[in-house]
Amino acid sequence: MAKAKDILLSGLVLVAGRGRRSPRPEAERVVPDYDADPRAETWAIVLLLLSSLCCAGFIVVYAVDRIPHQTQFLGLSLGLALVFFAAALIVTALRLVVTEELVEEYPPELHVGEVDLIASTVEESGSRLTRRRLFKLALLGAGGGLVTAALTPAASFGPLLRVKDYFGTPWTRGRRLVDEDDRPYKASDIEEKDFYTAFAEGADKEEAGASLVLVRLPTSSLKLPPELQGYDANGIVAYSKICTHAGCAISMYRVPTFLPDEPKPALVCPCHYSTFDPASGGTVQFGPAGRPLPMLPLEIDARGFLRAKGNFDGAVGPAWWGVRNRKPSPQS
Amino acid sequence: MRWVVVIAALTLVGSAAAADGKQVFGRYCASCHGPDASGSTGQRYGGGAARNQSVQTGMGPSLHGVGALAADFYLRTGYMPLKRNGIQPRRSRLLLDNAQIDALIRYISSLGKGPAIPHPHPERGNVSEGMALFRSHCAGCHQIVAEGGYVTNAVPPALGDATPTQIAEAVRIGPYVMPKFSTKAISDRQLNSIIRYVEYANHPDNRGGWSLGNIGPVPEGLVSWFVAGSALLGVCLVIGKRLHG
């Protein structure tokens, strides 16, 4: 501790002593001589001292854990240290460093007429070419070929060429519906006014085609279109959990406590509020989705487990061109 | 002094009247839920060319068998009495006093066998399990930080003012368009964890200080761009200014 004090003191003496150097012998000044500005100098020194005080404060706050709002005081001390330091630099730059304004003339123009020379050089350099048009075409072909070749790997981005994979779903007739812990759902587990997420048994749950949203509606309220008749199992309906707009997970189920006064049941996507009607086959009620949610036909086996009766009625996943013309297929 | 007596007398009269739950029901609830609380599908009257507005009486569900749980939830959150039917009930100033609410809850629970007021124990729950459950069951609508959000045609509320009992009740009832969760879907033990998480989300540990509503990077970004950005711009101007012509 005592040694540190000695070092600190001698350092201070050295720093203070540097100012009192004997003046150099008289010589020609490079920059103009301005008057000293003792006030600005004092200011700068005071600001620098304040900055080091704040730094010391930071160290103290960091070391002492008992201080309440420690994060705030850490930020405050370090921030103030930087502010004082910056202020000291500003004062120094504006008041203490000698500034002078010098005017430098533009040099005289050196390359008069050379632009024309370059133009005619370029023009005359092509005089050996006889089939100019063909040459230009060949050049264009090679350039275009290079660009096309560079862009070809972009085909891997989307289903332009290989679309089959996008329509494979794990659903086949008889496959059971399981929850996220792989317990199979029984029809009696599904209660009205609640919603469930289900997956295909044994399938990868990350796969877009594997996840379902499952709700039970009163059978009297179902208004399935003719092509979807029989897709429900005693009022239990299953839809793809992937929104047909941008592919988010449908995680909102709007279900009224008292139907006459309140909005009717709907599956809602939290990303852009696409709203689907579970009673009428997942038709779009609101929002940017362009086509209904794909519906999975269900059946209940003899032991009461929920099983798929087939594949979805439409393609699963977000919208892209041509998606409506495709039917999902069982995965190969 | 005289005023104190008058107010005291009025309060006494008020609570005496409130002691009878059925009377309070007749005054505040019967127009929608029906005189015997068996619900009403509503009747239209009024309206016409001059005033293109129809008024309805009735249109309230039956309260038989909803139990003390539902009555406690709807009355103590200010969801009921509703201003008019067809709108979403929101948390609001309580119209009825405590004695009236107690009497109403007794009356409603006497109408049929229904669930009692739950007594959750969030201190027995686990925050991380609660967060996982909240994420899969609740966050779709209420947002992961329980700040509420939007569903089409309804507004899932922020949970900042909800008490543990009210959260437990809401999960079982599913008020307005919220799904309801049976003990099979969310057990009472899991519910403790969910409530513990909601309490944590309502009072997070704000190490940074100014929380800006805990709604994430957008307000934080705005503050850093506008406040810190303007300050920096000011400093740049000061530095760039020429003091000596």
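By the beta-carbon count within 10 Å of each Cβ, the least crowded to most crowded order of B:Arg90, A:Arg66, A:Arg216, A:Arg133, fewest first, is A:Arg66, A:Arg133, B:Arg90, A:Arg216. Counting only whole DSSP H helices of chain A, the ones at least 18 Å long by C-alpha along their axis and with mean Kyte-Doolittle hydropathy no lower than -0.5 are A:2-18, A:38-63, A:70-91, A:132-151. Spin-label pair A:Leu139-A:Ile7: with each label point 7 Å from Cα along the Cα-Cβ axis, the two points sit 7.0 nm from one another. For segment A:133-239, the relative contact order is 19 percent, taking Cα pairs closer than 8 Å that sit 6 or more residues apart in sequence and dividing their mean separation by the residue count. Remark: mean inter-chain Cβ contacts per residue of B:230-240 equal 1, using a 10 Å Cβ-Cβ cutoff to other protein chain atoms.
A simple packing score, the average count of other Cβ atoms within 10 Å per residue, orders the peptides A:286-296, B:177-187 as A:286-296, B:177-187, with the highest score first. Anisotropy class assigned to chain A is oblate, per the alpha carbon gyration tensor with a/c at or over the 1.5 cut-off and a/b no larger than b/c.
The residues neighbouring B:Ile87, those whose beta-carbon lies less than 11 Å from its own, together hold a net charge of +1 under the Lys/Arg +1, Asp/Glu -1 convention.
What lysines does A:Lys193 reach when the alpha-carbon gap must be under 20 Å and sequence neighbours fewer than 8 apart in one chain are set aside? Leaving aside lysines fewer than 8 places away in the same chain, those within reach of A:Lys193 are A:Lys223, A:Lys241, A:Lys264, B:Lys180, B:Lys184. Relative protection proxy for A:269-277, B:154-162, from highest mean packing down: A:269-277, B:154-162 (other beta-carbon atoms within 10 angstrom). Take each residue in B:111-124, count the other chain C-beta atoms within 10 Å of its C-beta, and the mean is 0. Cβ screening of chain A for cysteine pairs under 4.7 Å finds these without a partner: A:Cys54, A:Cys55. Legend: mean number of C-beta atoms from other chains within 10 angstrom of residue C-beta atoms, peptide B:173-183, equals 6.
When B:Leu191, A:Leu117 are arranged by Cβ crowding within 10 Å, least crowded first, meaning fewest neighbours, the order is A:Leu117, B:Leu191. Under the classification rounded if a/c is under 1.5, otherwise prolate if a/b is larger than b/c and oblate if not, where does the protein assembly as shown fall, given a ≥ b ≥ c as square roots of the Cα gyration tensor eigenvalues? It comes out oblate by the Cα gyration axes. Could you check what % of the DSSP bridge pairs in chain A are antiparallel, to the nearest 5? If I count the DSSP bridges inside chain A, around 90 percent turn out antiparallel.
Qualifying trypsin sites (Lys or Arg not before Pro) in segment B:109-171, where qualification requires a DSSP coil assignment and no more than 12 other C-beta atoms within 10 Å, comprise B:Lys113.
Shape class for segment A:244-311, computed from the alpha carbon gyration tensor (a ≥ b ≥ c): oblate, with a/c not under 1.5 and a/b at or below b/c.
The orientation-averaged shadow of the Cα convex hull for segment A:131-250, equal to a quarter of the hull surface, comes to 12.1 nm².
Backbone phi angles across segment B:217-234, fed through the Karplus curve with coefficients 6.51, -1.76 and 1.60 (θ = phi - 60°), yield HN-Hα couplings of x, 5, x, 5, x, 4, 5, 5, 6, 7, 6, 5, x, 5, 4, 5, 4, x Hz in residue order; Gly and Pro are listed as x.
Fewest-first ordering of A:Thr71, A:Thr283 by other beta carbons within 10 Å of each residue's beta carbon gives A:Thr71, A:Thr283.
Just so you know, all these numbers are worked out from the coordinates, no wet-lab data involved. Quick caveat: nothing in here was measured; it's all calculated off a predicted structure. So basically every Cβ, Gly included, is an ideal-geometry build from the backbone, and we count neighbours across all protein chains shown.
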